[in-house]
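Structure, as structure tokens:
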Amino acid sequence: MEGYTLIKNTDLAELVEAVRRIEAKLEAQDEYLTTIEACERFKVSERTLYNRKKAGVLKAIQSGRVVRWPVSELTKNFKAL
């Protein structure tokens, strides 16, 4: 059995648990859209996004002039078309 490694049942259980933790983290991560992508997907204007962000209704990530909109936040506020 060259090139193969035997895995004990306890090691396999640990491996399965590690994979489940990684999958949970990946599912918890949010997708982020640019302003243009968010406007196109949710059929709203840029002004609507920025007005709701300013009012504190909609959360966004901003670094300088770059703004990213979490899909989960957009979905809470708008219906995707």
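The values are calculated or read from the model by the stated rules, or taken from the named source; none is laboratory data. The model shown is predicted, which means the values in this text are computed figures rather than measured ones. Virtual Cβ from ideal backbone geometry, glycine too; neighbours counted across all protein chains shown. What goes into the accessible areas is simple: the full protein's heavy atoms, side chains included, and nothing from ligands, DNA or RNA. Shrake-Rupley method; radii C 1.70, N 1.55, O 1.52, S 1.80 Å.
Numbers at a glance
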item: Which numbered condition I36 misses (of (1) surrounded by 10 or more Cβ atoms within 10 Å (Cβ to Cβ); (2) modelled with pLDDT of 90 or more); result: (1)
item: Meets criteria (modelled with pLDDT under 95 and either among the acidic types (D, E) or open to solvent by 60 Å² or more (accessible area, probe 1.4 Å) (or both)) for L81; result: yes
item: Condition check for S63: exposed (fewer than 15 other Cβ atoms within 10 Å of the Cβ) and closer than 12 Å to F78 by Cβ; result: no
item: Matching residues, the stretch 27-57, being part of a loop (DSSP other than H, G, I, E, B) and among the β-branched types (V, I, T); result: T34, V44, V57
